[in-house]
Amino acid sequence: MAEFSGLSEHDVSQEITISEPPPIHIPTLEELKAQDELARVQEQNNPQMQRAMEDIRARRLVLRQAQETGAITEQQAEEMAVRIEAMERVEVDTDALTGLYARRASERRLVQELARADREGTPLTVAILDLDKFKGINDEYGHAVGDATLQAVAGHILSEIRVSDTPLRYGGEELGLILPNTQAENAMILLDRLRGKMPGTVKEALEGQGINLGRDVTVSIGVAELTSGEIKDFNREISSAKTDNKEIAGKVMRSVFEKADGPLYQAKDSGRNKIVLRQPPIGK
């Protein structure tokens, strides 16, 4: 595994490129039901989302009343319904705390990016970012400050990545990134910039809320570029699956990000606040 501590360690000959956004996913009835259940769970734990969903429900009520009274045309009703559905999808697909992609939405994005990488022969890299000593923040300052810290970190990530990238909450204080059309070397440049600027950006965001941790907030990062063989294997697994689409998407998600797990643990074991890149397996 290769440890990365600065841009001078790499001679990068290819510029980072931004791919076109993936095709629109048309959800099945089962997916919509799962999204509704996720929305209800998220609502219970997030006042901001509660207000957003109340606004969506109010808009649906206004639309229904307008249809019943004939106040709008059928075309106008269809246009309003599409806009309301788009608003609701944003809420359902977003992690309530961090504003990053929620797990189910990120699974769908990963399946799309795997298919694109195989179809177009483009590289695909993933990364896991784990907040260093996050448990100490929760223990010393409480979970409210821990949540504010996680939100500040997520905000920093969103400000540094490209529009083609998918930022997600992988679990707890672990965040993830799906980086399409990106070789490992270019991913390391992007992530090193993100890592290096994080302490100052997060400190400023927290101080704006009257929070002073007395130490820098840093992340350890594990990175893995999938080989063409791995991409083909994952797509073969998806296309040949006899199980529910959500189940296979979750399984593939775990398998893909496991490629970055080893490098993440090495980054933490070697002192934290570092990036480690997986060395591609021989013959893959």
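Worth pointing out:
- Verdict on residue 89 being at pLDDT below 90, within 22 Å of the chain's Cα centre (by Cα) and crowded, with 17+ Cβ neighbours inside 10 Å: no
- Members of the stretch 180-214 that are in contact with a Leu (Cβ under 7 Å, 6 or more places away or on another chain) and under 23 Å from residue 120 (Cβ atoms): 180, 184, 187, 188, 189
- Beta carbons closer than 9 Å, at least 6 apart along the sequence or on distinct chains, pair a first residue in the stretch 160-178 that is of a type in the set (Lys, Arg) with a second that is in a loop (DSSP other than H, G, I, E, B) and at pLDDT 95 or above for 162/182.
- From the options 259, 232, residue that is surrounded by fewer than 20 Cβ atoms within 10 Å (Cβ to Cβ) and either in contact with a Cys (Cβ under 9 Å, 6 or more places away or on another chain) or not in a loop (DSSP other than H, G, I, E, B) (or both): 232
- Looking only at the stretch 96-124, and only at residues there that are among the β-branched types (Val, Ile, Thr) and over 21 Å from residue 218 (Cβ atoms), the one that is surrounded by the most Cβ atoms within 10 Å (Cβ to Cβ): 111
- Residues of the stretch 196-229 that are touching a residue at least 40 places away in the same chain (Cβ under 8 Å) and assigned to a helix (DSSP H, G or I): 197, 198, 201, 202, 205, 206, 228, 229.
- Residue in the stretch 216-226 that is of a type outside the set (Asp, Glu) and out of contact with any Lys or Arg (no Cβ under 8 Å at 6 or more places or on another chain) present: no
- Taking the criterion of being over 22 Å from the mean Cα position of the chain (by Cα) and within 20 Å of residue 191 (Cα to Cα), the only residue of the stretch 210-242 that qualifies is 216.
The values are calculated or read from the model by the stated rules, or taken from the named source; none is laboratory data. Source: prediction; values computed, not measured. Note that each Cβ is placed from the backbone with ideal geometry, even for glycine, and that neighbours are counted across all protein chains shown.
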